[in-house]
Amino acid sequence: MEYEAVIGMEVHVQLLTKSKMFCSCSAETFGAEPNTLVCPVCLGMPGTLPVINRKAVEYTIMTGLALNCQIAEFAKFDRKNYFYPDLPKGYQISQYDLPLCFNGWLDIEVDGQIRRIRIRRVHLEEDTAKLFHFGDYTLIDFNRAGVPLMEIVSEPDIRSPEEARQYLIKLRTILRYLGVSTADMEKGAMRCEANVSLRPKGSSELGTRVEIKNINSFRFVKQALEYEIERQKRLLEQGKKVEQITVGWDEEKGTTVIQRTKEYAHDYRYFPEPDLPPLVISREWVERIKASLPELPDAKSERFQSQYGLSPSEARTITVEKEAADFFEACVSLYPNPRKLFHWITGEIFRLLGETGSTFDSLKFSPESFIKLINLVDKGTINQNTAKSILREMFSTGEDPEKIVEKKGLALIADEAALIKVIEEVLEANPDALERYLGGKESTFGFFMGQVMKATGGRADPNLASKLLREKLAQLKNR
Amino acid sequence: MESALHHLSIYQAHKLLKEGQTTSVELTEAVLRQIEKVEGLVKAYITITPELALKQARLADEKILRHRKAGESFSPLLGIPISIKDIICTEGIRTTCASRILENFFPPYDATVVEKLKEAGAVIVGKTNLDEFAMGSSTENSAFFPTRNPWDLERVPGGSSGGSAAAVAAGECLGSLGTDTGGSVRQPAAFCGVTGLKPSYGRVSRYGLVAFASSLDQIGPITKDVTDAALLLSVIAGHDPKDSTSVDYPVPDYLKALVPEVKGVRVGVPKEYFIEGMEEGVEKAIREAIDCLEELGAEVVEISLPHTKYALPTYYLIAPAEASANLARYDGVKYGLYIPASELWEEYRLTRGNGFGPEVKRRIMLGTYALSAGYYDAYYLKAQKVRTLIKKDFDEAFEKVDVIVAPTSPTVAFKLGEKVEDPLKMYLSDVFTIPVNLAGICAISIPCGFSEGLPVGLQVMGPAFGEEKILRVAYAYEQATQWHLKRPPL
Amino acid sequence: MAITREEVEHIAELAKLYLTEEEKEKMQRQLSAILDYFAMLQEIDTSLIPPTATVLPLRNVMREDTPAPSFDRDKILANAPQKVEGYVKVKVVLE
């Protein structure tokens, strides 16, 4: 029998607010000394009370709008009760039955096909502390406790590990466009759980779900899902039942490991958070937020196709990162040849970024200085290869391309007198070849050209040098 | 005069300070001497802070002197020795909630009300005893010791703010801050013959009040008379950006509400509050009080609050449910008692199992049950719906009347140990105070006579943020009767 | 509405409360009596009544996203029973 995977994703995203969800401690916890961004509120001290961070609510609504969700008119926070040492209050302030955003969708493209993944809900909650496990003890850093955390839950519309990966990539792109999160999986700013079940292809029933936790990179998402689908397929093929369990992805072993069985299912005893009055989200507020949304990747991609004549796949490539798209557009405004710029940017700049593992926002040179470089090639001051090596230098130092050309003497030699001198030297140094040429072997011309280029370190303006060489040889022949 | 300094009201003491007839140090020393004399019998305090109090008193005297020289008026709390229920956080002063689990907890911050008291220049004498985490009606649930009623040491002072009420009655402070979740300010005030005010929900910041039931808790003054209650409330009320449930309505000068005049005031008497099982002497005192109000010109109207009898089960589902979450933070990790074991979850169970007393455990169990899968709708949600009906009863009543009067408690102070073994019987002693918390309205309990030699409390209830109305009626009654001047024979 | 011994044990585990055998027995008895009394709530038809979670008319109480200094670490962790180099320590966490 052929099976089909049914996958739903729960993605937790740390929001890029300045302060925490319910207190004024800094939310920029990366790299901070342990327990230095903690106050009585986020440590859950007796008597303390939460106060909602408006920005976090707005970021969540922004995300909901970008994911085509409906925005709740009435939303509230609830307490989710469970014990864990990373949860200071013994409950997490979250949203249960009335999330901020619901019923949205996200389009992804897999194998040239657009797939629409429905979004069930987007809600807001608080992050937990970070635990560090050692042999028989665990250390707790509460810096992360209380950082705003947004949870994006999809419907089980994903059908393959690759779709899951594309879903996450698209989500990351949107979150970064919105500026609501770094969405950096490696740093834990975006964390992902997947639930997966199998069913006979064509069936509309749902099989028993297995939850996979701790998937912390795009690569692992695919690996973990592939592994789990394979495992369930084997069970079903052997006529065995899939148990409702929670597993974790073990990066080192490359397998999933059982974390919890059904008997240990939680009873979270959600109830409305009495310390926080509910939220009434006026349509005016939603409109204001909508007006502040940046152009989103899909819209930008379409515009790039019509405005700049890029192909759909080119437009997608350049719009995956907002910074790349912005860079591209800034360049186009200075140099109206989008296709040429597209190739330079996605060829050379993407390569340099890839080699160094860096991103557009850390680029050391401006669109202006990049266009200067292109102009140098156009004017014939430098050739294409020189331009590439200058770009490499600009990439590492940020220096102006004209300065680099000047400092290193990289400009092409277009001085007739100087080139004639070089040509004369080359001919003088190769009397045999000259004789052969004069004797009618015209193909020796290429040899002389090569020698001229060699003598000038490749800087001879090739057109001029060729013209002068021909003139000189003609002179000698007619003599 | 000097020997009775500790029996002065805040207002009287302020007058003497203003006139230079006494000093804060003298007042504080008088209170500390009284504590030394009677505390062994009453046991109102968990922590006494004499050094801190005298230091604050000396500072207050310096300020008073400066104000007097400059001919300025000053805060009526400046230099006044007061006490604070030990469930309100005080920076650097142990805050135990009368629980083993917080026996050695020193908060790193002050509750907002404590900040306000300090700003006003009050002298903090100590932290008063209570039922553990404010769960109880007799102060017998304190993990450390029970407090005794200054009127009869064999009897309870009421609870959960029993320490505060007993301390005020016994002259061990001039006033106190208690907390009221289901009657915990009013019922002990009634039992000890003093005044206790439960402000409307949202009137006073809860920041720093260790939560029992967040949608019901309110901090309120326990004082020797109505004037002092108005005065303390004026200081502690107001919006606090740290408490999202505190309202930003302006705070009136409650002293201005103290007009001894109730002509034309419509006073509702709910028939459901005169039930079987009410003590005869209590009913008699209350009926006399109502007659007195009528004589003073109030218009007495019989009203009905039909859902009154459902208030008790409603409360004992909602409050424990909220408490079960509020008390989940005590796990031995960040603060408080920690009992080592071989394994983490066993440490949690042992720490909590040993750190909490029987009543707290009972309520955590009840609340957890009411919220658990399969029972949420039948218990917690049902209670929330009935809460709507109880609130509606009051809303409708306050369309007809300005205030509602009723007994604070169906009985006078009962004997120690009398109800400890029967939790339900203990719960029933809150039957008249609980509806006020569920509706979020305000109420005050004032002395209105005696039954078998023990004080009876008259409860005056008002609509949400109608504190001025209840203060006015209470003040008029107090001035007409003078029951508040009676002192226990200690 | 009697509550069973197993329910008492289940609830105690949800609440992470150690109870002695004697406490369990007492808890079962007392909770059963209390729940019996509470059964009177079922007399009221609340099918059309909305629940009240808060009595206040407050809505949208929020703060601006302005960070403020946190607490000194020694002060905020002063009450923690077990600490190691600025971390709070617990026994290893197992599911």
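Every number in this text was worked out from the coordinates using simple rules, so none of it is lab data. Keep in mind the model is a prediction, meaning the values are calculated, not measured. Cβ sites come from the backbone with ideal geometry, for glycine too, and all protein chains shown count toward neighbours.
If each residue's Cβ is checked for other Cβ atoms within 10 Å, how do B:GLU72, A:GLU163 rank with the fewest at the top?
Values: B:GLU72 8, A:GLU163 23.
The most exposed by this proxy come first: B:GLU72, A:GLU163.
Give the separation of the Cα centroids, the range A:349-370 to the range B:106-137, in Å.
The distance from the Cα centre of the range A:349-370 to that of the range B:106-137 comes to 59 Å.
Based on the Cβ-Cβ distance of B:GLU302 and B:ARG487, what FRET efficiency does E = 1/(1 + (r/R0)^6) give at R0 = 41 Å, to the nearest 0.05? Before the final figure, lay out each step's value.
Details: r = 35 Å, r/R0 = 0.85.
FRET efficiency, B:GLU302 to B:ARG487: 0.70.
Less than 11 Å from a label point 7 Å out along the Cα-to-Cβ axis of B:TYR249: which backbone N atoms in the range B:191-210 qualify, by residue?
Residues passing the 11 Å test: B:200-204.
Check which residues have an amide H placed less than 5 Å from A:ILE413's amide H, if you skip close sequence neighbours.
When sequence neighbours closer than 5 places are left aside, the close amide H contacts are A:ALA460, A:ASP461.
With r defined as the distance between the Cβ atoms of B:LEU41 and C:ARG59 and R0 fixed at 56 Å, what FRET efficiency is calculated, to the nearest 0.05? All intermediate terms of the calculation are to be shown ahead of the outcome.
On the way: r = 50 Å, r/R0 = 0.90.
Once the sixth-power term is evaluated, E becomes 0.65.
Roughly how many nanometres apart are two label points built 7 Å out from the Cα toward the Cβ at A:HIS133 and C:VAL84?
It is 1.5 nm.
With everything on Cα atoms, drop me the angle between helix C:5-14 and the longest principal axis of chain C, reported from 0 to 90° to the nearest 10.
20 degrees
Work out from phi, with θ = phi - 60° and the Karplus expression 6.51 cos²θ - 1.76 cosθ + 1.60, the ³J(HN,Hα) of each residue of the range A:363-377, listed in order in whole Hz, and give x for Gly and Pro.
4, 8, 10, 8, x, 4, 6, 5, 5, 4, 5, 4, 5, 4, 5
Identify the trypsin sites (Lys or Arg not before Pro) of the range A:415-449 meeting these criteria: DSSP loop state and at most 12 other C-beta atoms within 10 Å of the C-beta. Could you put the intermediate results ahead of the total?
On the way: sites: A:LYS421, A:ARG436, A:LYS441; in loops: A:LYS441.
Listed in order of number, the matching sites are A:LYS441.
What distance in nm separates the simple spin-label points at A:GLU424 and A:ASP267, each placed 7 Å from Cα in the Cβ direction?
Calculated label separation equals 10.3 nm.
What are the residues whose amide H is under 5 Å from the amide H of B:GLY175, where those residues sit 5 or more places off or on another chain and H is modelled from the backbone?
Counting only residues 5 or more places away or on other chains, the set is B:SER83.
Local charge sum around B:PRO455 (other residues, Cβ-Cβ under 12 Å, Lys/Arg +1, Asp/Glu -1)? Numbers along the way, then the final one.
Numbers: positive: B:ARG155, B:LYS486, B:ARG487; negative: B:ASP152, B:GLU452.
Result for the neighbourhood of B:PRO455: +1.
If you take the Cα atoms of the protein assembly as shown, find Rg, then find the Kirkwood Rh from the mean of 1/r over all pairs, what is Rg/Rh? If you can, show how the numbers build up before the last one.
On the way: Rg = 38.2 Å, Rh = 33.4 Å.
Ratio value, two decimals: 1.14.
Considering only DSSP beta bridges with both partners in chain B, what is the antiparallel share in %, to the nearest 5?
Working: 31 of 46 bridges.
Taking every DSSP beta bridge with both residues in chain B, the antiparallel ones total about 65 percent.
Enumerate the calculated ³J(HN,Hα) couplings along the range A:163-176 in order (Karplus 6.51 cos²θ - 1.76 cosθ + 1.60, θ = phi - 60°), each rounded to whole Hz, writing x wherever the residue is Gly or Pro.
Running phi through 6.51 cos²θ - 1.76 cosθ + 1.60 with θ = phi - 60° gives 4, 4, 5, 5, 4, 5, 5, 5, 4, 4, 4, 5, 4, 6 Hz.
Using helices alone, what [θ] at 222 nm do you get for chain B, with -39,500 (n - 2.57) per DSSP H run of 4 or more residues, divided over all residues and rounded to the nearest 500?
On the way: 15 runs with 191 residues, N = 490.
It lands at -12500 deg cm²/dmol.
How do the peptides A:180-192, C:44-56 rank, highest first, by the average count of neighbouring beta carbon atoms within 10 Å per residue? If you can, show how the numbers build up before the last one.
Details: A:180-192: 18.7, C:44-56: 15.0.
Result, highest mean first: A:180-192, C:44-56.
Where does each of A:423-434, B:8-19, B:330-341, B:451-462 land if you order them by average Cβ count within 10 Å, highest first? Kindly include the intermediate steps, with their values, before the conclusion.
Details: A:423-434: 14.6, B:8-19: 19.7, B:330-341: 22.8, B:451-462: 24.8.
Highest to lowest by the protection proxy: B:451-462, B:330-341, B:8-19, A:423-434.
What whole number of Å gives the distance from the Cα centroid of the range C:1-79 to the Cα centroid of the range B:436-451?
26 Å
Check the straight Cα-Cα distances from B:LYS400 and name the lysines below 17 Å, setting aside those fewer than 8 residues away within the same chain.
Candidates past the 8-residue exclusion: B:LYS263, B:LYS271, B:LYS391, B:LYS392, B:LYS469.
Going by alpha carbons, how many degrees (0 to 90, nearest 10) lie between the helix axis of A:384-397 and the longest principal axis of chain A?
50 degrees
Please identify which residues in the range C:50-74 have an amide N closer than 15 Å to a label point set 7 Å out from the Cα of A:GLU28, following the Cα→Cβ vector.
Once the point is set 7 Å along Cα→Cβ of A:GLU28, C:65-70 turn out to lie under 15 Å by backbone N, inside the range C:50-74.
For A:SER466 paired with A:GLU287, estimate the spin-label separation in nm (one decimal), with each label point 7 Å from Cα along the Cα-to-Cβ line.
Here the answer is 6.5 nm between the modelled labels.
Would you tell me the mean number of C-beta atoms belonging to other protein chains that fall within 10 Å of each C-beta in A:26-38, as a whole number? Let's see the in-between values first.
Values: counts 4, 2, 1, 0, 0, 0, 1, 3, 7, 12, 7, 5, 8.
Averaged over the peptide's residues, the number is 4.
What ranking do B:81-92, B:384-395 get when scored by the average of other Cβ atoms within 10 Å per residue, highest first?
Ranked from most to least packed, the peptides come out as B:81-92, B:384-395.
Compute the separation of the alpha-carbon centres of the range B:1-69 and the range A:159-231 and state it in Å as a whole number.
After rounding, the separation between the Cα centres reads 67 Å.
Order these by the 10 Å Cβ neighbour count, fewest first: A:LYS20, B:LYS37.
Working: A:LYS20 31, B:LYS37 15.
Going from sparsest to densest Cβ surroundings: B:LYS37, A:LYS20.
To check my understanding: the extent here is largest minus smallest coordinate of the Cα atoms along each principal axis. What are those three numbers for the range B:308-384, in Å, largest first?
Answer, in whole Å and largest first: 46, 23, 19 Å.
If you add up the charges near A:ILE215, with Lys and Arg at +1 and Asp and Glu at -1, over every other residue whose beta carbon is less than 10 angstrom from its beta carbon, what do you get? Let's see the in-between values first.
On the way: positive: A:ARG191, A:LYS213, A:ARG219, A:LYS222; negative: A:GLU193, A:GLU251.
Summing Lys/Arg as +1 and Asp/Glu as -1 gives +2.
Would you pull out the residues with amide H under 5 Å of B:VAL300's amide H, same chain only if 5 or more places away, H placed 1.01 Å from N?
Sorted by chain and number, the residues that satisfy this are B:VAL267.
Which of the trypsin sites (Lys or Arg not before Pro) found in the range A:244-295 are in a DSSP loop and have at most 10 neighbouring Cβ atoms, other than their own, within 10 Å? Could the numbers behind the result be given before it?
Values: sites: A:LYS253, A:ARG260, A:LYS262, A:ARG269, A:ARG283, A:ARG288, A:LYS290; in loops: A:LYS253, A:ARG269.
Within the range A:244-295, the qualifying trypsin sites (Lys or Arg not before Pro) (loop, at most 10 other Cβ atoms within 10 Å) are A:LYS253.
How much length is gained on full extension from A:ARG260 to A:SER204, taking 0.36 nm per residue of separation minus their Cα-Cα distance? Each step should come with its number before you reach the end.
Values: separation 56, 0.36 × 56 = 20.16 nm, distance 2.74 nm.
Gain on extension, A:ARG260 to A:SER204, equals 17.4 nm.
Peptide B:369-379: average number of partner chain Cβ atoms within 10 Å per residue?
Details: counts 11, 5, 8, 9, 6, 1, 4, 4, 0, 6, 4.
Rounded to a whole number, the mean comes out at 5.
Please list, by residue number, every one of the GluC sites (Glu not before Pro) in the range A:262-319 that is coil in DSSP and has at most 14 other beta-carbon atoms within 10 Å.
Values: sites: A:GLU263, A:GLU284, A:GLU287, A:GLU295, A:GLU302, A:GLU314; in loops: A:GLU295.
Here the GluC sites (Glu not before Pro) that fit, given the DSSP loop and packing criteria, are A:GLU295.
Once you charge only the Cβ atoms, +1 for Lys and Arg and -1 for Asp and Glu, what is the size of the charge dipole of the range A:293-408 about its Cα centre, to the nearest 20 debye? Could you put the intermediate results ahead of the total?
Working: 15 positive and 18 negative charges, 79 e Å.
About 380 debye.
When Cβ neighbours within 10 Å are restricted to other protein chains, what is their mean count per residue of peptide A:391-403?
Mean partner shielding for this stretch: 0.
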